[in-house]
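A short reminder: the numbers here are calculations on the coordinates, not readings from a lab. Model, not experiment: these values are computed from the prediction. In this analysis, Cβ positions are derived from the backbone assuming ideal geometry, glycine residues included, and neighbour counts consider all displayed protein chains.
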Amino acid sequence: MITIQESEIVERGLLAIHRAKELGHPVLLSEVHKLDTMDPLAFFKQGEKRFLGERFFWKDPNDELVLVGLGISHQIRTDQEAGRFFHVEQEWRSLLKDSFVSNPYSLIGAGPCIFGGFSFDPDKEKSELWSKYADALFYLPKYLLSRINGENYLTTNIVLKANDDKTFLTKVSNERTQLLYEIQQDHRGQQAGLIETKEISPKEWKNSVSAVVKELTNGPLKKIVLARELRLMFNGQVEISDVLEKLHVQQHESFIFAFESNGDCFIGATPERLIKKQGNEIFSTCLAGSISRGDTAQEDRMLGETLLNDRKNLLEHQYVVEMIKQALEEACDEVILPDKPQLMKIRDIQHLYTPVIGKCREDTSLLLLVERLHPTPALGGLPKKEAVEKIRQVEKLDRGLYAAPIGWLDYLGNGEFAVAIRSGLIQGNEASLFAGCGVVADSDAESEYQETALKFRPMLSALGGK
């Protein structure tokens, strides 16, 4: 499967330890090796033995990149309300400054990468539900499996201190070897059974939609997104790897992610890219306006045509297009997008979709773009500031990482963030699912309620519900 000489990590590690002694602070050592073969889901599953609560999984819609992280070599977290995007970037740059990086393949997505996310609204009063996650939380994994266009690479990241020695380096090398050879390709297990589904305050949520509609009719706000929660109970502990496997089959055309923290796991299959950066190329997605899939091809086409000509949904979509275009023009020399939306069809739902391409200026920060774009009108509303303030007042739910940016950033500034919708928070033998909808002046509370029910389906199905 893989041949990695212990002498390689020991030799470079001793140099890094020497540098740590000279500089008076820890130094990152990062090594990349190519693997013959590796199943990312099996790698994630096997990591449960040693690294439960310290794992992440990421797959893009086109299978161009899969990332699986095990263990935490370095953690970046903050609950400060202001400057959290800048804080993450500065701490990441500081760690990289004096690092030893051996990446002979020079591929985006291999080498030192951090994975994590931001909360939707750091000013929202915190609840016990999201107590395991900070307003900004990122991991540099100890072991990172990167599947890039079908090829597999393993990155080992160690943050070395002045008092570390050869014995410590040998121990890491042995752990890595043992981890790789323990992996079993057949990682399927028995999923816990769903025994109860409970909607959280559905009447109150509908009343809040109706109240907001009145404000939108007579006030400066154009749109507000309101979300609600569905709580699930199971007859045993939910196995994250089993849920990931179902999402991989059922929602393959989406971004699939899992992000553990202290025993909880935020997991989902979102169709919505927020921003992707490769060198100076920028890619974003305008996704707003939705309708169900049809039972037959003819019905599906008719529903799609209805969506493409629906005034409310087209208006919602245009809000998103205008906002993303404006945000990217501030950082890009060129922004290209089509005149009209098209349809994005996934298993349970179809959306209005407009792709965006840009060429950013030199040294443009990916996290700065994430900050500018979050939240888009598809998840917050319009105008942005006023909409988020209204959500803070009206919505009983603590969104945590739901509807917020989640993704990865590498040591060269490349990376990708998705909007964490179609998602849930798994806590042992319970889970909370989240879904929201855009409320505008002509919205109807019952219709919006049914739309959120449709948006619960991807995660509900993966967890054994209907």
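Identify the GluC sites (Glu not before Pro) of region 1-109 meeting these criteria: DSSP loop state and at most 16 other C-beta atoms within 10 Å of the C-beta.
Listed in order of number, the matching sites are GLU64, GLU81.
Using a cut-off of 10 Å between beta-carbons, work out the net charge of the residues near GLY53 (Lys and Arg +1, Asp and Glu -1, GLY53 not included).
-2
List the chymotrypsin sites (Phe, Trp or Tyr not before Pro) within region 226-329 that DSSP assigns to loop and that have no more than 15 neighbouring Cβ atoms inside 10 Å.
Nothing satisfies the criteria.
Let's see if you can work this out: charge +1 on each Lys and Arg Cβ, -1 on each Asp and Glu Cβ, no other charges. What is the dipole magnitude of the chain about its Cα centre, in debye to the nearest 20?
Here the chain has a charge dipole of around 340 debye.
In percent, what relative contact order does the chain have, based on Cα pairs under 8 Å that are 6 or more apart in sequence?
21
Once you place label points 7 Å from the Cα toward the Cβ at GLU81 and LYS384, how far apart are they in nm?
Distance between the two pseudo-spin positions: 1.8 nm.
Counting Lys +1, Arg +1, Asp -1, Glu -1, what net charge surrounds ARG93 among other residues with beta carbon under 14 Å of its beta carbon?
Details: positive: LYS97; negative: GLU89, GLU91, ASP98, ASP363, ASP410.
With Lys, Arg at +1 and Asp, Glu at -1, the net is -4.
What do you get for the angle between helix 202-218 and the principal long axis of the chain? Use alpha-carbon atoms, 0 to 90 degrees, nearest ten.
Roughly 70 degrees, rounded to the nearest 10.
Which order, highest average first, do 110-118, 191-199 follow once you tally other Cβ atoms within 10 Å for each residue and take the mean per peptide? List each step's numbers first, then the result.
On the way: 110-118: 26.0, 191-199: 14.2.
Put in order of decreasing packing, that is 110-118, 191-199.
Rounded to the nearest 500, what is the chain's calculated 222 nm mean residue ellipticity when only DSSP H runs of at least 4 contribute -39500 (n - 2.57) each, over all residues?
Estimated from H runs of four or more residues: -10500 deg cm²/dmol.
Going by alpha carbons, how many degrees (0 to 90, nearest 10) lie between the helix axis of 445-462 and the longest principal axis of the chain?
That helix lies at roughly 30 degrees to the long axis.
Going by average Cβ density within 10 Å per residue, which order do the peptides 446-454, 299-307, 273-281 take, highest to lowest?
Answer by packing, highest mean first, reads 273-281, 446-454, 299-307.
Under a point spin-label approximation (7 Å from Cα along Cα-to-Cβ), what is the THR37-GLU446 distance to one decimal in nm?
It works out to 5.6 nm between the two label points.
Can you tell me the order of 376-386, 169-179 when each peptide is scored by its average per-residue count of other Cβ atoms within 10 angstrom, highest first?
Ranked from most to least packed, the peptides come out as 376-386, 169-179.
May I ask for the angle, rounded to the nearest 10°, between helix 297-308 and the longest principal axis of the chain, with both axes built from Cα atoms and the value confined to 0 to 90°?
Tilt relative to the chain: about 80 degrees.
Could you tell me the distance between the Cα centroids of region 272-347 and region 422-466, to the nearest Å?
20
Order by neighbour count: HIS87, HIS351, fewest other Cβ atoms within 10 Å first, most last.
With the sparsest Cβ surroundings first, the list reads HIS87, HIS351.
Of the labelled options (i) 163; (ii) 143; (iii) 152, which one gives volume of the Cα convex hull per residue in Å³ as computed for this structure?
So the structure-derived entry is (ii).
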